[in-house]
Amino acid sequence: SCHFVYVTDSFGSLYCEQVETLTSLFQKKLPGRTIGFHGKNNQHMAFANTVQAICTLEGVVMIDGSMLGLARGAGTTPTENLLCFLRNPKYNVRPIFEVIQSHFYELRKTVEWGVSLPYLIAGVRNEHPRDAMAWEAEGKSKDGLGFYDKFVKTGEANGDNTRPAGGDPDRLEDAADEPRVPNLNCELYRKEFQTYKPMIKVVDNTIRDGGLMNNWKFSDEVVKAVYDACVQSGVDYMDVGYFTTPGLLEGAGPWRFCKSEDLKRVFGENKTALKLAAMVDVGRVTEADIPHSRDTLVDMVRVACYAHQIDEAIQIANSCVGKGYEVGVLFMALSSVNMAEINACLDKLEGTCSCHFVYVTDSFGSLYCEQVETLTSLFQKKLPGRTIGFHGKNNQHMAFANTVQAICTLEGVVMIDGSMLGLARGAGTTPTENLLCFLRNPKYNVRPIFEVIQSHFYELRKTVEWGVSLPYLIAGVRNEHPRDAMAWEAEGKSKDGLGFYDKFVKTGEANGDNTRPAGGDPDRLEDAADEPRVPNLNCELYRKEFQTYKPMIKVVDNTIRDGGLMNNWKFSDEVVKAVYDACVQSGVDYMDVGYFTTPGLLEGAGPWRFCKSEDLKRVFGENKTALKLAAMVDVGRVTEADIPHSRDTLVDMVRVACYAHQIDEAIQIANSCVGKGYEVGVLFMALSSVNMAEINACLDKLEGTCSCHFVYV
């Protein structure tokens, strides 16, 4: 009799295609029930998978988030991303920004969570993160190389991809002798996800795109280390800088320019399979500024342009072909261009340009997988015989997911961009290490990438800041050039997302104005002070649903319950009350506050592991608000008798978490909770490791014997 059922990506191993398959199946097999989704971020996929669930499901949908993504291990979908994306006027993201700023940046100094190399490895291999969690609990989060050598390389050398696993602080039973889940050995994944597409080419942008964050002032040692890692890992191209008109950008380091003496000093004659690439920006270069290929180590030139610069881009590209280069055109800021203009540009490229490849470029970090599929399909249709590439930005945690979408959509040769640790302008780009792990091509060896990250880029991160932040998130959601966010962060205000929101969003909305003067971009020459913002998603590339909202979506904030796994639920009352107040003020529908658990289990855990009535009332009073409180129960750690009647607690909703083999007990507990007056759902965990016959059998049992209200994917 449960009311809902959740699809739950417990291992952070699902991609959008699998989420679409599962959510569609759940809705078909459980008519009339609400379907929910809960993601993990091991592979930077949590938000993208949640968007996929929203786009796939009809009717009421329940989606989970947590402030700053605070949750077990690699974290989960950030609540702030959800409220920004949903666009429902009932939600107000500002209180979430406020509590992040007042409490969670400080918490991050003592509690570590989020994507790391150990969690990435576990997610790619479709394994429970218990080993990565134990590794990180020993203070080794930055030793991804050691984790790889111990748990992956050794097993591969022995021809063994399973091994004993243990160390999960979130389960009672001793798992020391439990084998790992085989890597993607599950029929949920198509053959392509278990093997590889041999025609994919990887372009590493660490030095060229990453240079935007330190003015290209890399030491020769760092550049050589990146080069050596690219050579050893089998990466196809390394983007090393730009060809630029002399005299421009004075003060930039040597790796802004592809001077022959700099290239030869570090790369010698480059007698390797790795090809070197350079970018040219239309408006900053003439044909005469680009040497013949015989006079440089550069093998490939990519011409970056906006739609209005297409004629000049074609002229430069044709000149570069004549000079013996591999040549491509990067079509930038596509999220702000109407379809007629995109088609006109593609017609010009097909008719008059001799370039070898053309890139879909998400310059503003505003695209979602649906738009990437639309654009890459269009490019391949309009440019037959050309290689299509994709370059993403990570403002909304979408870069890797969008790259995977491009790989799945395109046929033949595909070029994809990445950067080590995602180092790139602003919010960063797709991490090269994610790409090599995902592609599974034996020609690629991710270990040298892990090695250079560990030897150089963790140190670089102490002085150079890049990656997702609230200002970059706001810019991406609003489909704007990140110049304002970059200028804001350059002033040392990366943690003042609230100030950025109040200055650039809230003020404009109060005035009924969603455009305003923009400026401060360090990556363009012209003064843009009087240039209006791009209107927020006011582009026909996005369906109506992306410009408005689905009113039937319900948001569940998991900050305290799921986040407590990272500090043993020892939040202060002040923090819990601040999260509660933010949820109330922001319009969040449910706040997950802890667990119902058999007394005596998990001794030593803080009060927010348990939903004791005295704790709830001490902080929430009688909760006379629209916000509903939720509690989780783990099958195997609770009996029906441990769960009070709803009249005796502030908890409104109970979610029963189970693995496939626990479905009968989960149904029994769920039905008991319905009888006690709760809204009730079942969270079906670790679906990435369950075969389809077993999933279908569980859904049949749920439909036939469970009165829960919702089910989570």
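The values are calculated or read from the model by the stated rules, or taken from the named source; none is laboratory data. Predicted model only: the values in this text are computed from it and were never measured. In this analysis, Cβ positions are derived from the backbone assuming ideal geometry, glycine residues included, and neighbour counts consider all displayed protein chains. What goes into the accessible areas is simple: the full protein's heavy atoms, side chains included, and nothing from ligands, DNA or RNA. Shrake-Rupley method; radii C 1.70, N 1.55, O 1.52, S 1.80 Å.
I'd like to know how the range 553-641 sits against the 2.2 N^0.38 Å rule of thumb: what's its Cα Rg over that expected value?
After normalising by residue count via 2.2 N^0.38 Å, the value is 1.05.
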Residue-by-residue Karplus 3J(HN,Hα) for the range 74-79, coefficients 6.51, -1.76, 1.60, Hz, glycine and proline x: 6, x, 9, 5, x, 4
Cα-Cα P(r), the range 48-116, percent of pairs per 10 Å interval: 18, 47, 28, 7, 0
Most positive-pole-ward Cα, Tyr325, Ile553, Ala582, against dipole of the chain from beta carbon charges: Ile553
Gain in span if fully extended, Asp664 to Ala693, counting 0.36 nm per residue against the direct Cα distance: 8.8 nm
The range 442-498-the range 95-155 distance, computed between alpha-carbon centres (Å): 17 Å
Given charges at beta-carbon only (K, R positive; D, E negative), |dipole| of the range 536-656 in Debye: 220 debye
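Send over the Kirkwood Rh of the range 335-400, from the inverse of the averaged 1/r over different Cα pairs, rounded to one decimal Å.
12.4 Å
Hey, what D do you get for the range 277-387 in µm²/s if you plug the Kirkwood alpha-carbon radius into Stokes-Einstein at 10 °C and 1.306 mPa s? Could you put the intermediate results ahead of the total?
Numbers: Rh = 14.2 Å.
Calculated translational D: 112 µm²/s.
Kirkwood hydrodynamic radius, computed over distinct alpha-carbon pairs, for the chain: how many Å, to one decimal?
The answer is 26.1 Å.
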Between the range 644-685 and the range 347-413, the alpha-carbon center distance in angstrom: 44 Å
Whole-Å distance, taken between Cα centres, linking the range 205-256 and the range 31-47: 38 Å
Signed unit charges on C-beta, dipole axis of the chain, positive-most listed residue Asn696, Thr598, Pro254: Asn696
Computed accessible area, Lys348, all protein chains, 1.4 angstrom probe, square angstrom: 80 Å²
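What's the carbon and sulfur percent of the range 295-402's accessible surface, probe 1.4 angstrom, rounded to a whole number?
Numbers: 1510 of 3030 Å².
Carbon and sulfur atoms account for 50 percent of the accessible area of the range 295-402.
What number comes out for accessible area per residue over the chain if the probe is 1.4 Å? Units Å², please.
Ligands and nucleic acids excluded, the result is 35 Å² per residue.
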With eigenvalues of the C-alpha gyration tensor scaled by 5 and rooted, the range 209-348, Å: 27, 16, 16
Surface share of carbon and sulfur [accessible, 1.4 angstrom probe, percent] for the range 633-713: 50 percent
Whole-Hz couplings from phi, Karplus 6.51/-1.76/1.60, listed for the range 445-462; x for Gly and Pro: 10, 6, 4, x, 5, 4, 5, 6, 4, 6, 7, 10, 8, 5, 5, 4, 5, 6
Spacing of the two label points (7 Å from each Cα toward its C-beta) at Glu640 and Asp700, in nm: 2.5 nm
Point-charge dipole on Cβ atoms (K/R +1, D/E -1) for the range 1-129, about Cα centre, debye to 20: 180 debye
q = 0.17, 0.22 Å⁻¹: log10 I(q)/I(0) that the Debye formula gives for the range 581-713, counting C-alpha atoms only: -0.91, -1.31
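Could you order peptides 97-107, 263-273 by the average number of other Cβ atoms within 10 Å of their residues, highest first?
The peptides rank, most packed first, as 97-107, 263-273.
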Dipole of the chain, positive direction: furthest Cα of Ala313, Met486, Pro118, with charges on the beta-carbon: Ala313
Cα convex hull of the range 367-424 - mean projected area over all directions, nm²: 3.9 nm²
Fully extended contour minus Cα-Cα distance, from Glu261 to Lys381, at 0.36 nm per residue: 39.1 nm
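Of the accessible area of the range 427-502, with the probe set at 1.4 angstrom, what percent is carbon plus sulfur? Numbers along the way, then the final one.
Working: 1180 of 2340 Å².
In the range 427-502, the share of accessible area belonging to carbon and sulfur is 50 percent.
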If the convex hull is drawn through the Cα atoms of the range 427-499, its volume per residue in Å³: 106 Å³
Debye, to nearest 20: dipole size of the chain, +1 on Lys, Arg Cβ, -1 on Asp, Glu Cβ: 300 debye
Per principal axis, descending, Cα span of the range 332-461 in whole Å: 47, 31, 25
